[in-house]
Structures are given as structure tokens and as C-alpha cells.
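Asks: My questions will all concern the structure given below.
Taken together, the values in this text are just the output of simple stated rules run on the coordinates, not laboratory data. Note that this is a predicted model, so its numbers are computed, not measured. As a convention, Cβ positions derive from the backbone with ideal geometry for all residues, glycine included, and neighbour counts pool all protein chains shown.
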Amino acid sequence: MPATATFGLSRIGQIAIVVHDIERATAFYRDALGMTLLFTVPGMAFFDAGGVRLMLSRPEGAGQDHPASILYFTVDDVHAGYDTLKRRGVQFVDEPHFVAPLATGDLWMTFFKDLDGNTFAIMAEKARA
């Protein structure tokens with residue numbers, strides 16, 4: 001069997017997020033969201049997202065000038081995460097809410113937007129009482 005038959009994508013190494021003001025976006029991701037800034041180069045900033053590199057960059061053309069896919073960040077407590085981020089000025093589009101019952105607990109999440117209109121969520125599994 002050729003080696004190409006066993007090849008498959010399984011791990012994300014980097015995710016690009018389109019922003020319009022690198023400095024402003026870097027401050028938001030670092031200070032409001034509390035993400036670890038790895039490094040910057042002209043026109044780009046890179047953060048650690050649990051071992052996945054998150055790259056902020058300007059759109060390379062009109063076809064790339066749109067909000068990103070939704071990224072869901074796992075947190076220990078969605079309500080505490082919501083409160084902390086809200087105090088830091090993060091604008092949420094909803095409040096923490098129940099999504100689904102899972103085998104290990106209930107899934108809760110809430111959505112917010114960054115300064116360029118990209119949608120994100122924080123989510124957590126909450127043990128049932």
C-alpha cells in the first residue's frame with residue numbers, strides 16, 4: 001500500500017485570523033482575552049492557543065477580508081470566564097447558556113466578537129448537581 005494511502009490530516013498547527021489593525025488586535029488578544037503572545041513580525045502577531053498557533057494578519061486580498069470561522073475555547077468555568085472577559089471589555093453577543101447534555105456533564109457556552117467582528121466562543125462542561 002503506498003504511503004499516501006495512510007496519510008491523513010489530524011492536527012491543527014496554525015489558525016489565521018484576519019484583522020485590520022495588528023497593534024490594536026494584539027492588545028485585545030493579549031490583554032482582554034489573556035492569550036500568550038509568542039512573537040510578532042511586521043504585519044503579523046502569533047499567540048499560543050493550547051499548543052495551536054493563532055496568527056493575526058491583515059487580509060492579503062479582498063477575497064480574504066472577512067471574519068474567520070468560529071473558534072471555541074475550552075475553559076474550566078464558562079460563567080467565571082464570561083465575567084472575567086466582560087470586565088476586560090470583551091463584548092459578548094449572548095450570556096452563558098446550556099447547549100446539550102453530555103455523558104460527562106452539561107455543555108455550556110457563550111459567544112463574543114473581537115474588534116474586527118470575528119466570532120468566538122468559550123465553552124465548558126459543567127458537572128450535574
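Asks: What order do you get for 19-32, 79-92 when each peptide is scored by the mean count of other beta carbon atoms within 10 Å, highest first?
Replies: So the peptides 19-32, 79-92, ranked by packing, come out 19-32, 79-92.
Asks: With contacts defined as alpha carbon pairs under 8 Å and 6 or more residues apart, what's the relative contact order of segment 13-59 in percent?
Replies: Numbers: 79 pairs, mean separation 23.1, N = 47.
Relative contact order here is 49 percent.
Asks: What ranking do 62-70, 118-126 get when scored by the average of other Cβ atoms within 10 Å per residue, highest first? Spell out each step's value before the answer.
Replies: On the way: 62-70: 11.0, 118-126: 18.9.
Per-residue mean Cβ counts within 10 Å order the peptides as 118-126, 62-70.
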